[in-house]
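Just so it is clear, none of the values below were taken in a lab; they were calculated from the coordinates. Just so it is clear, the structure is predicted and the values come from calculations on it, not from any experiment. Note: ideal-geometry Cβ built from the backbone for every residue, glycine included; neighbour counts use all protein chains shown.
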Amino acid sequence: MARIVIILTPGSTSEQNESMAERLAELGKAASSSYEFVLIEAPSSRLARDEICAILKPRGDDRVRLSFVTASSDQPSDLIEATNEALRLAVQAKLDAIVAGPRVTLDGEAIQELRAVGEQDPMIGFVEPFVTDEGDPSLPNQHRSRSLPSAQRSERVFEDVPRLSYVPILEEPIVLIRSRMLQEFDLLDPVFKDVASALNDFALRANRCAYRVVRANHACVTARGRKADERVADADDEQILGARFPYLRKEVARYEASPDQRTRKLLAGLRPQADGRLNIIFACNNLGNIHNGTSELAKRVITEFSLNHSNEYNMHILCSRNAFDFHQYRNLAGVTHLSGISEADEGRFFASIRLVQPFGDEDIALLASQAPVTMVLILDTIAIDCMQIDPRLARVWERMLKSTSALGFISDFSRLQFERRFSQGGEHLAFTALCSTDTKEYGANEGSGTPRDDGYVLLVGNPYAHKFLKASCDLFRREVPDMKLVVLGLKMEDDDQVSSYQSGQLSDEATADLYARASLLLFPSHCEGFGLPVMHGLAHGKPVVARDLPVFREIRERVREARNLHLFGTTIEMVRFAATKPVWDATEVGPPRRVQNWADMAKAMRDALSEARQRVTYRGLHDRLLEAEACREIASREALAAQLDARAVQLEARAGEFEARAVELEARAMKQARELAEIKLRSEPPVKEGDLPAQAAHFAAKRLEARILRFLEHKWSYSVTRSVWGAVKWLRNSRPPGGDQ
């Protein structure tokens, strides 16, 4: 029968040791192993030996044996020596040993799994279990201290957890040490102040011979009353380990960043917080200090979550502080600002929700690494259909499908367009969360149906071509030159007919005033995911003229003011109808489908979050983090490529500047050469053939004179050469050029 030595280090109370002994004695009768208990006592905390023995003796079962080792003092070195004494019992008997720290509860099934995992690979030297704190709500209530096969298999999130994971160091307060390690390597070094550090030193020394530490993910044990600082190693111990194993810090950092470890951390976010709520993030990284449709949608959704679901969720908005204050999120109950997410935040959040589709691989990587459940709200497919906007987006969205738990769409039309373009494989959840079609929720003023001033046609959009603002204005100028136009979203050259405002620069109040003063709204966009301006126009009691798009027909089926939504196939038809100056029809019609409101949209998202939570699996989350890693690498390479491209453009521009400068210098040099040639020609008459020797002597003297002048620049040579210079001058004066020979 297989036996194993179980060593209990000091720190557990007598009651805890009694409970553990009683449980193991009971389980030992049915288990295939027998146990050698070694309880280590510290002089300051003696164990009640008689009481503990009394628990075992009446059973008369020799499968469980008990012995005690008393440390000579409470000093760490003496406690480690006592642990070594207990380990020597395992060495002599050639048995595996389990060293369990304070407050750890074991059972026979977990021990069997530890031993089974240790036999999976001959290079496994140390096995630690999956340890959770007592009362951890992430585990099933009835089996929080049982091994995973019989306890957590009912939880889908754990059903595909790998049986073992290779780790660089020991992290938990309990470890199984294979007998071979005890036979081949020195035991614990008493230089350390903590048994855990000494065990890590032992494991790292064995690792020099390729023996590994693994975590048995299916062996689950609990720790009672464990404090957060118990996992923090002593600074002196860390320094010793760092000196002995200089590569350790980098290896641990690499492992901490690995998908395996990050998956474990993120799964902790599935647990409710102490207040019973789950933490969720609204990832509004791109939110700016402007008013537009995207910022309005985000504010509406978050407001409804705050009003209706704050009892379930603690809400955090990830954006800049300026944007948080600009959009007045501080006024919402249960909503806090989040400037960024650090490694310490991993495992803190249940879900991360991005309220607009991603525009780069870095967006996907950030979202996937924030929480075990991720949601993206897709507004439309315009960014990939208009290829000039960003040709990379189609591939980015394909990768998004592999790293997202749930995809929400703001209309059935938007969802259909997306599904036509992308395969819906994978495990993500797809749902429609229609924006509000209740005009009462769009905040129009009383009496807004009465045009003010002279009345004008309000055109709404943005600078993108598909909004068709400029083309529509040109048609108005040609077809109805006397009709006043106000363009919201594109700054144009204003004249007597057209006034325009840049997108996002007006406040909500100023924008509402433009709607209120208009006689009608014309929305010429060729493609929309929903069309909030349509709802604003109807809310202000203005006839709305728009293109005949499926999404607008979808809206018309759900609004009471459907008679005032006029749809046309072409822009010229829209302009000519607007020229007839249609008036508001106050007759409300019962829509064939129920009017949607913002609370319905928030509820659809909340229901999707709940379902996505049930779908989370270890393997799915692990694969998603692998995809996020790939996205981060792609984003890094694209950023580097962009930097290189920008640098190449700069160098090309500099090269052009240098080339232009070279041409300029060459032209200047040629000009100077011509001027010098002309001067020389004027000052020196043509040389006759007989004068050539004298002329050569003259040039030689000039050259010598120039060299001497350069030489004279050095003060120390002046006195030496003064006499020589006088001789040269005399020679020049006595032998004039062209003189008699």
Rounded to two decimals, what is the ratio between the C-alpha radius of gyration of the range 428-550 and 2.2 N^0.38 Å? 1.08
All other residues with a Cβ under 15 Å from the Cβ of Leu434 taken together, and with Lys, Arg as +1 and Asp, Glu as -1, what is their net charge? -1
Considering only the other residues whose Cβ falls under 14 Å of the Cβ of Ser310, what net charge follows from Lys and Arg at +1 and Asp and Glu at -1? 0
Based on alpha-carbon atoms only, what is the radius of gyration of the range 511-629 relative to the globular estimate 2.2 N^0.38 Å? 1.46
For the range 398-410, Karplus couplings with θ = phi - 60° (6.51, -1.76, 1.60), whole Hz, Gly/Pro x: 4, 6, 4, 4, 7, 10, 10, 6, 9, 10, x, 10, 7
How large is ³J(HN,Hα), in whole Hz, for each residue of the range 364-381 in order, when computed from phi with the Karplus curve 6.51 cos²θ - 1.76 cosθ + 1.60 and θ = phi - 60°, using x for Gly and Pro? 5, 4, 5, 5, 5, 8, 9, 7, x, 10, 10, 9, 10, 9, 8, 8, 6, 10
Of all alpha-carbon pairs in the range 335-406, indicate the percentage at a distance above 20 angstrom. 33
Take the eigenvalues of the Cα gyration tensor for the range 189-326, scale each by 5, and report the square roots as semi-axes in whole Å, largest first. 44, 19, 15
Any chance you could list P(r) for the range 274-402, counting all Cα-Cα pairs in 5 angstrom bins from zero, rounded to whole %? 2, 10, 20, 22, 20, 14, 8, 3, 1, 0
Give the order of Glu113, Glu304, Glu675 when sorted by the count of other beta carbons within 10 angstrom, beginning with the fewest. Glu675, Glu304, Glu113
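Going by how many other beta carbons lie within 10 Å of each one, how would you line up Lys265, Lys467, fewest first? Walk me through the intermediate numbers first.
Values: Lys265 15, Lys467 23.
Fewest-to-most Cβ neighbours within 10 Å comes out as Lys265, Lys467.
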Computed P(r) (all Cα pairs; the range 559-648; 5 Å bins; percent): 2, 9, 8, 8, 8, 9, 8, 8, 10, 13, 10, 5, 1
Where the centroid of each part is defined by its Cα atoms, how far is the range 269-314 from the range 76-127 in Å? 47
What net charge is computed for the residues neighbouring Glu362, neighbours being all others with C-beta under 15 Å from the C-beta of Glu362, Lys and Arg scored +1, Asp and Glu -1? -1
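So how do Arg624, Arg205, Arg244 line up by other beta-carbon neighbours within 10 Å, fewest first? Before the final figure, lay out each step's value.
Working: Arg624 27, Arg205 17, Arg244 12.
Least to most surrounded, the residues fall as Arg244, Arg205, Arg624.
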